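Quick notes on the structure that follows.
Throughout, read-outs are computed from the coordinates displayed, never taken from laboratory work. In this text the structure is predicted, and so the values were computed from the model without any measurement. We place every Cβ from the backbone using ideal geometry, glycine too, and count neighbours over all the protein chains shown.
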């Protein structure tokens, strides 16, 4: 280091001629500085001082001042990020190793030309990268489809900081210009026309296109000559790439100083030889250039060259003396030395051409001086023709030498590009395009998107299909299923229920249904309610496939149901009808079911009832049967290429329908005027004036106020004239938007006491909109003295949030004399037949989830049921191929969604990385998400939770996100609830606070029920919600295990927690979250919930006691953190992740988490590295300030993650947690430091 400093200290003493970049030219009539003239400085000492005076000012590494100087950016909201040096080296080595191992797998672009390679070379050269670095980057990146950005990525990733040009520095702080010479041009290169020029112009051959000094030419010449020789050695030795670390390091400063010293030694020797008139330096027999410049015969009327020079100096250099002309004799010939005094130096020239006349010599010398003073200008047209010709001769000679010099300098570059292009052409035929993976083909490879193509699919084995153990067994498994079916048929249970099966209407149409299925791939069955279609048709298919021929056929029947309760009840019934009393999913049963949190199936299952959220694997031999009581048959048949329709009548049981007016009439219900179920009518009084004449002719006026008919209430019409006035009044003024619970209670009482229905034994099914109405009616029935008798009434609630056990209570037949009243939502509307229901009370209302495209927010809205739903409720008593882009396919769907909805869904897939940015092909992550029957954001969160070793806590958080928060906030204890929640708060995160509360609940459960309830009351926790979260978490863990992501717990959380009732005994208490675990969990949360992120608008308060609400700027605008969040008053610079955005009086963000930059850079949106600005952008609006190398690192880490997920597709049993890439990512996340 000391030697270099000493050498650099001598640089300022180098004469300016060396720094100016003069290239001597000989043989063109321009004065040779070594023999024909030299520059003279009138004040050399002052010039030397002036040369050293301007030191480099303090600047930032950015060279483009027109752009934002992020090195000193004042906006503190743009966070700065760095990576520790040791970890950075590990990651760079990992990236380079991956590039070396997988580089040959990429396709080579067939459009690369010499011009494109040259443009890339020149672009990198323009950025001032060194030649050996440019060539190394192009060798590594361009061979496999790389471009300028990939080359810049490699350079920024692998070069040391001191090797990077200005503008690419990795340093975040200010940098001072060093006086040490570097291989880069000076900030202000001197121009040839500058009046301050101290160089000898006649000796200069400018190369304006290259824009470099002599220093740069020297270095380039030295480097390229050494590189050319080394490349030739490489080609001879057969090496494809060279390792710069194994070669001797090239120090441009040392080489520059050596070559500069040699140049000045040569100049000094030549000057000494000239001064001593060393005759040995000039050959005696050298031919002389002697010319005659007489122009009198050409009738020239302009100025002579000598006069032109004198006038030019007088005009442009008014303070300088007139030019001096000194004739020099050369035997009997003449030449002239011309001297022009400029502001800072002296121009002295002497041509090599000899003349016979002394005056011609002076004119020729003046012409050469004008040539140097007015270079680049068309001044030669103002001098006599003979001198004009020599002017053009000098110019052409100089341009030829310049081109020759440029060609010599660019020769290594052109040879390199030629060799690289040759290598590309040689490798191109050897590269084979990778065979497209299933589901990865482009839009042009998609099959024709109609159902006819589905019907004509060949019976081929899908090469990408996973072969199950059941399929490996082949005929043996089906033979075992056949034997089991024949065995169950002989059971007493099967024979007893066979009689009931045969009484169903669908049984009479068995032959028609099976014939239609044998002839067609798609069949529509229109079966009325109670016809038995949901239970019998799947059994028909099962029996036909297993016993219809001599050998059993492959059998896999899936029946989808809209509700969990439907799938469970139907599977239980079919399992019994098949002769199995062990329940669905047993080894002795051919029938099972699969719902969200429960899977009752086994290897013997051939008939599976499931909810619509379950994934059915694509098969080429798929048959589709659509069954419903209210479906528009003609519409579906036309959609599926006019497929056949099989109509099946329902049971012949008479169903008597009573409407609202009948119920009011029969029950004797009276609607009081002040009833809460009455329309609120504002009576208006009208003033009436009556004029009359009394006896005697006296006129009088009578004033009276009468009630004005407001016209409120319903217009009943003549159809209800036969009802009583009481009924008509109730119908006219009853509020239609509110469910009349008084009338429901009166109706239930009427059914139990009226002679007509009292003798009818059976249950009552009441349809209500939602859980709140169920709770309201349940409380009214429990407190009403008419229904208190437990020996007479049994109340059962039926709702989707209830457990499977509670839902099953609705199907239990009570003892004789007990009336079961089932309070249900539309969960019991389709696919469910409660066997003992004889009365159905339909309130006519339901709740639907409405999604608003403009705000992208959803809400539950109470609406009236459709006529089709009303018919379904009435009958409850007594009984994957790909076809182009999503937009193209779904626009032809039966009930096509709104285009905006499809566009939003596709955009979401692209934002989370499940779909490629351009097109609709799935990424490796997208293929994994397609196997998970959960929301894509939850699925992504679970996948990365498994990969990063924290699946257990992430599954818990995902379960809480899927359901509801366990924290309760009573209306009158809001402050106490917030304080209790704050005691459990962790790392400014609502999600981790929920997990922390869950951990405390799991640990306290081992102490007993009382301790558990005390913990829940203390922290305002809902015990039932925590139990539900636990159940969902376990189901998510099982689902991930089935998908091949059975993550361990590297994050330190230990194995999945067990309940205290686990027969293996209680688990050790779970430890609280540590900082490293929090970092990893936040990263996984970011992977799942991004792009739901916003920048905190930091607004600190002067008063520390003043709690300012946290405001956040999202991609869609400003919002405020919800008051229930632990971050409601957070004031810091950073980014918040949020679960959902809701709109009340304001737009609020619910369930937020403070996150750091690294998770966003790893798992966020489109990443853009602005190499020279040291900025990293996500999705165009999220910015981080970082050295460019960090941005490149994150770009490549994403590629490594995608590569691992793609390998996981090929090998589902692959454990990604042990991969070095994942280990380094975890280390990176845990060691993050924000400045």
Of 1086-1096, 300-310, ordering from highest average Cβ density within 10 Å down gives 1086-1096, 300-310
Distance in nm between residue 638 and residue 377 label points, each 7 Å along Cα→Cβ, equals 8.6 nm
Rounded to two decimals, the Debye log10 I(q)/I(0) of region 293-411 (Cα scatterers, no solvent) at q = 0.11, 0.13 Å⁻¹ is -0.40, -0.55
Rounded to whole angstroms and listed largest first, the alpha-carbon spread of region 495-543 along its three principal axes comes to 33, 23, 14
Taking every DSSP bridge whose two residues both lie in region 1091-1155, the antiparallel percent to the nearest 5 is 90 percent
Here the gain from full extension of residue 356 to residue 489, 0.36 nm per residue of separation minus their alpha-carbon distance, amounts to 34.7 nm
Where a ≥ b ≥ c are root eigenvalues of the Cα gyration tensor, a/c under 1.5 meaning rounded, otherwise prolate if a/b exceeds b/c and oblate otherwise, region 882-921 counts as oblate
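Output the relative contact order of region 1091-1155, whole-number percent, from Cα pairs under 8 angstrom with separation of 6+ residues.
Details: 136 pairs, mean separation 21.8, N = 65.
Value for region 1091-1155: 33 percent.
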Expressed in angstrom and ordered largest first, the alpha-carbon extents of region 931-1090 along the principal axes are 45, 39, 30
Sorted on mean Cβ neighbours within 10 Å (highest first), peptides 916-929, 384-397, 1190-1203, 889-902 come out as 1190-1203, 916-929, 384-397, 889-902
Ordering 769-778, 543-552, 492-501 by per-residue average of other C-beta atoms within 10 angstrom, highest first, gives 769-778, 543-552, 492-501
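Which of 566, 589, 628 has the fewest other C-beta atoms within 10 Å, and how do the rest follow up to the most? Can you show the working numbers first?
Values: 566 24, 589 27, 628 20.
So the residues, fewest neighbours to most, are 628, 566, 589.
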Taking max minus min of the Cα coordinates of region 1091-1155 on each principal axis, largest first, gives extents in Å of 32, 24, 19
For region 513-641, the Debye formula with one identical point scatterer on each Cα and no solvent gives log10 I(q)/I(0) at q = 0.12, 0.13 Å⁻¹ as -0.46, -0.55
The percentage of Cα-Cα pairs in region 940-1016 separated by more than 16 Å is 59 percent
Under the 7 Å Cα-to-Cβ spin-label approximation, residue 1142 and residue 716 lie apart by a distance in nanometres of 4.3 nm
